[in-house]
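Worksheet: the structure to be examined is printed underneath.
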Amino acid sequence: MTGVLKYNAIVYVQFRREKVENQYFVAVIGAGPAGLFGARELANNGVRVALFNRDIKAGGLAEYGIYLEKHTMKEGLRKQFRQALDMANVDYYGNVSIGAGGDFSLDEIRALGFDAVLVSAGAQGTKSLGLPGETLEGVYHAKDVVYHYNKLPPFSQRKFHFGKRAAIIGAGNVMVDIARYLIHYQGVEEVTAVVRRGPAEVNFTKEEMKHLISYLDMAEFEKELARVRPALDAVGQSPELGRQKILEAQAKADPKTQNAKFQFAFLASPTGMMGENGQVTQLEVEDNILTERDGKTSAKGTGAKRTLAVDTVIFAIGDQVDANFGLATEWGEFAKDKEPKFPVENTSYESTTEGIFVGGWSRKASEGLVGYARRDGTNAAKAVLQYLQANPPANTNADTVAAKMKTLQKPVVHKDDIKRLEAAEAEEAKKHSIEGFKFASNEEMLQAMGFLETA
């Protein structure tokens with residue numbers, strides 16, 4: 001692999017120095033962190049980039065997936081994204097959806113003659129366990145809720161039913177964020193995290209848990225640890241290690257400001273939801289034991305079931321790619337070439353369709369946060385650069401692409417439009433003396449940019 005990396009380095013130096021008369025032109029689909037940093041890597045190496053984005057704003061999960069109060073983090077990322085968008089050889093086409101049922105199919109984009117396509121559209125599909133009661137009111141996927149409170153249209157305008165008792169399936173940082181939101185913004189009084197395995201295997205970080213830990217019902221927590229102790233002891237998993245991992249966030253805990261409590265249900269898997277008049281009222285879970293094989297533990301159902309009284313159930317179990325996008329899928333991800341011609345860091349970024357590459361969550365769904373997406377998008381772009389170096393440019397005309405976008409019977413958003421939108425939102429934040437402001441609908445954003453007349 002060392003030899004490949006050395007070869008890659010030589011290719012990049014040559015690529016930067018070569019004065020290309022017929023410039024390579026690459027389509028990047030998706031303007032989240034992976035797409036933006038991938039586009040930047042390509043543009044830094046002299047490639048012309050057409051960046052297509054389903055949303056009006058760039059940023060993806062960095063804009064619409066981070067907890068709503070993290071203004072400083074979001075603004076820091078926006079500055080980096082602006083730098084990528086401001087590059088002269090990056091064209092931005094926002095409010096343009098690619099895929100089956102979108103404004104253009106993937107094949108239509110390829111037919112424009114791009115030298116390569118980098119798909120960094122994230123994981124737009126949602127995992128479903130196929131459980132009874134999934135269509136009841138009050139049963140949601142975590143991504144829909146996160147998009148809602150971060151004001152991503154059309155999720156921002158969707159009506160959600162959050163009652164007094166909520167169960168969240170999962171034990172990662174997304175679970176923590178949603179629990180915080182339910183307690184602080186929706187008046188939920190009791191939140192239960194339903195965790196398939198034991199306390200030592202939770203996935204949230206103490207930096208995130210410190211915002212929620214003050215709501216942990218300690219009496220119920222100790223009772224739950226005692227309940228699952230026999231199953232943990234059976235595989236040599238110490239309840240004390242689990243307790244320590246969870247409670248280490250207490251040292252820097254945010255103060256408790258609401259009359260609410262948070263608790264865990266360990267070694268439990270959801271098996272269905274029951275309701276009345278179309279509204280969820282109960283979550284059924286099956287108790288698990290732990291089994292160990294080859295040094296790994298896994299949860300196994302015991303057949304014993306019980307119910308939790310709930311008004312809301314939210315599944316925070318990860319995402320999968322959109323199977324209708326136009327690429328072959330495998331295990332909830334876009335299929336990758338298992339023998340890549342252009343690997344980067346011993347990883348395949350090549351789809352099974354020649355000339356189409358995948359990066360970020362489009363390559364590996366729900367993996368890592370913004371830092372991961374940045375690295376993965378950059379590496380995907382490096383794989384594209386290798387591919388370009390091995391093929392002559394197709395001489396695609398940027399004006400042809402721009403003309404194709406104009407055929408849409410809807411506003412197409414460009415870089416200068418985004419700047420007007422950001423200025424309008426900054427003015428609204430100043431007017432209302434708040435740290436951050438977002439228009440909650442596409443219509444409001446288009447009005448702010450001058451596409452639509454103000455009502």
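Tell me, yes or no, whether the range 401-415 has at least one residue that is within 29 Å of T205 (Cβ to Cβ) and either surrounded by 14 or more Cβ atoms within 10 Å (Cβ to Cβ) or in contact with a Phe, Trp or Tyr (Cβ under 7 Å, 6 or more places away or on another chain) (or both). No, because not a single residue in the range 401-415 is within 29 Å of T205 (Cβ to Cβ) and either surrounded by 14 or more Cβ atoms within 10 Å (Cβ to Cβ) or in contact with a Phe, Trp or Tyr (Cβ under 7 Å, 6 or more places away or on another chain) (or both). Quick one: is F357 of a type outside the set (D, E), buried (at least 23 other Cβ atoms within 10 Å of the Cβ), more than 30 Å from A167 (Cβ to Cβ) and outside the structural domain of T192 (by TED's automatic domain parsing)? Spelling it out, F357 is indeed of a type outside the set (D, E), buried (at least 23 other Cβ atoms within 10 Å of the Cβ), more than 30 Å from A167 (Cβ to Cβ) and outside the structural domain of T192 (by TED's automatic domain parsing).
Every listed requirement among (1) over 23 Å from the mean Cα position of the chain (by Cα); (2) of a type in the set (G, A, S); (3) more than 24 Å from Y349 (Cα to Cα); (4) buried (at least 22 other Cβ atoms within 10 Å of the Cβ) is met by A116 save one, (3). For the condition among the aliphatic types (A, V, I, L, M), part of a helix (DSSP H, G or I) and crowded, with 18+ Cβ neighbours inside 10 Å, V188 does not qualify. When you check G99 against the structure, is it more than 18 Å from K415 (Cβ to Cβ), at pLDDT 90 or above and touching a helix residue (DSSP H, G or I) at 6+ places or on another chain (Cβ under 7 Å), yes or no? When the stated conditions are applied, G99 passes them.
Quick grid of which residues meet (1) hydroxyl-bearing (S, T, Y); (2) part of a strand (DSSP E or B); (3) touching a residue at least 60 places away in the same chain (Cβ under 8 Å); (4) not assigned by TED's automatic domain parsing to the domain that holds N397:
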position	(1), (2), (3), (4)
K79	no, no, no, no
A100	no, no, yes, no
G113	no, no, yes, no
V117	no, yes, yes, no
G133	no, no, yes, yes
Y140	yes, yes, yes, yes
P153	no, no, yes, yes
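What about D254, is it within 27 Å of the chain's Cα centre (by Cα) and at pLDDT 95 or above? Considered against the rule, which asks whether it is within 27 Å of the chain's Cα centre (by Cα) and at pLDDT 95 or above, D254 comes out as yes. Residues in the range 199-219 that are in contact with a strand residue (DSSP E or B) (Cβ under 6 Å, 6 or more places away or on another chain) and of a type in the set (D, E): 1 in all. Across the range 221-251, the number of residues qualifying as on the phi < 0 side of the Ramachandran plot and assigned to a loop (DSSP other than H, G, I, E, B) comes to 3. Just to be sure, is Y147 part of a helix (DSSP H, G or I), aromatic (F, W, Y) and assigned by TED's automatic domain parsing to the domain that holds M175? For Y147, the condition - part of a helix (DSSP H, G or I), aromatic (F, W, Y) and assigned by TED's automatic domain parsing to the domain that holds M175 - is met.
Restricting to the range 280-298, count the residues that are surrounded by fewer than 21 Cβ atoms within 10 Å (Cβ to Cβ) and under 23 Å from A166 (Cα atoms). Result for the range 280-298: 5.
The values are calculated or read from the model by the stated rules, or taken from the named source; none is laboratory data. Given the structure is predicted, the values throughout are model-derived calculations rather than measurements. Neighbour counts are summed over all protein chains in view; Cβ atoms, including those assigned to glycine, are modelled from backbone coordinates with ideal geometry.
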